[in-house]
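What follows is a set of notes on a single structure, which appears directly below.
The values are calculated or read from the model by the stated rules, or taken from the named source; none is laboratory data. Given the structure is predicted, the values throughout are model-derived calculations rather than measurements. Note: ideal-geometry Cβ built from the backbone for every residue, glycine included; neighbour counts use all protein chains shown. Heavy atoms of the whole protein, side chains included, go into the accessibility calculation; ligands, DNA and RNA do not. Shrake-Rupley method; radii C 1.70, N 1.55, O 1.52, S 1.80 Å.
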Amino acid sequence: MYWVIERNFYSQHNHTLLTESLERLGIPYEVVNTVDCEISTVNNIENLRDNGIIVCGGTKLSAYALHNRLVPGSFINHNFDYDRWSQAYGEFLLNYGALVGKLREIQPYYSQFFIRPSEDTKAFNGQVMNLDYFNEWRYNFLGTDYGFNFANDNVVIAECKEIYAEYRFFVVDGEIISYSQYKSGGTVYASDNVEYDCISFAKDMIDMWEPSRAFVIDIALTANGYSVIEINNINSSGFYAANVPKIIDALDNMKF
């Protein structure tokens with residue numbers, strides 16, 4: 001399979017993990033500066049299609065893959081919208097019953113809250129805000145050309161909850177390929193040492209519903225046990241302490 005990676009999308013650490021792993025596995029790849037330009041080797045795209053082409057980057061690169069009918073391209077689809085995985089996981093979801101509305105119009109009723117795009121657009125990173133900061137941030141964000149593009153997109157707003165730890169699982173064709181703890185409390189903490197109970201819970205959620213053949217599911221540990229934080233597109237997710245070669249190998253060997 002041929003891999004196309006968007007330059008400056010990942011952190012330098014994640015970018016290096018990805019490219020060095022591809023080189024070690026002997027898998028061909030290309031780094032593109034911008035999705036507005038033709039992928040250079042895609043001048044030869046028809047010769048690459050037989051072995052498959054996968055993209056790693058943002059939503060514009062995923063749209064490029066869809067437009068050019070790349071297979072597998074990107075695994076993003078409408079199931080990555082909060083409404084879909086909220087319906088699927090119900091009360092197993094950390095922010096089940098959250099407020100959803102257009103960024104331009106939504107009016108939070110919490111003094112402090114968590115906010116993220118409803119879809120996996122990466123328009124902005126999910127984060128905690130207070131009401132005063134949100135009003136200023138929204139005004140400034142929508143005042144940019146970039147932010148205005150998302151003015152009518154839905155966002156999810158939920159009451160802040162105490163989270164003891166956060167974990168990320170990489171899933172391909174129903175199987176957990178690799179995982180990582182990525183936060184301890186509010187501190188970034190990358191470790192591949194994940195408790196059995198957390199792995200078991202993640203597997204139960206995967207058995208319950210899958211948004212795509214490949215995806216990422218984030219799990220939280222709270223005072224009430226484990227919950228699903230969110231579903232993310234595997235083509236644009238950071239790795240933390242996950243086994244990147246194993247993830248690449250699983251994706252590279254998928255049958256279409």
Kindly indicate whether Phe124 is in contact with a helix residue (DSSP H, G or I) (Cβ under 6 Å, 6 or more places away or on another chain), modelled with pLDDT under 90 and either in a helix (DSSP H, G or I) or over 30 Å from Ile27 (Cβ atoms) (or both).
-> no
What are the residue pairs meeting all of these: first residue in the stretch 16-41, first residue modelled with pLDDT under 90, second residue of a type in the set (Val, Ile, Thr) and part of a loop (DSSP other than H, G, I, E, B), Cβ atoms under 6 Å, and 6 or more apart or on different chains?
-> Val32/Ile39
Counting only residues that are without any contact (Cβ under 8 Å) to a residue 40 or more places away in the chain and surrounded by 17 or more Cβ atoms within 10 Å (Cβ to Cβ), the stretch 221-249 contains a total of 1
The stretch 132-189: number of residues that are assigned to a strand (DSSP E or B), at pLDDT 95 or above and closer than 30 Å to Asp252 by Cβ = 16
Among the residues listed as Tyr89, Tyr82, the single one being at pLDDT 95 or above, under 30 Å from Phe256 (Cβ atoms) and open to solvent by less than 20 Å² (accessible area, probe 1.4 Å) | Tyr89
Is the stretch 195-203 home to any residue that is free of Cβ contacts under 8 Å to residues at least 12 places away in the same chain and not in a loop (DSSP other than H, G, I, E, B)?
-> yes
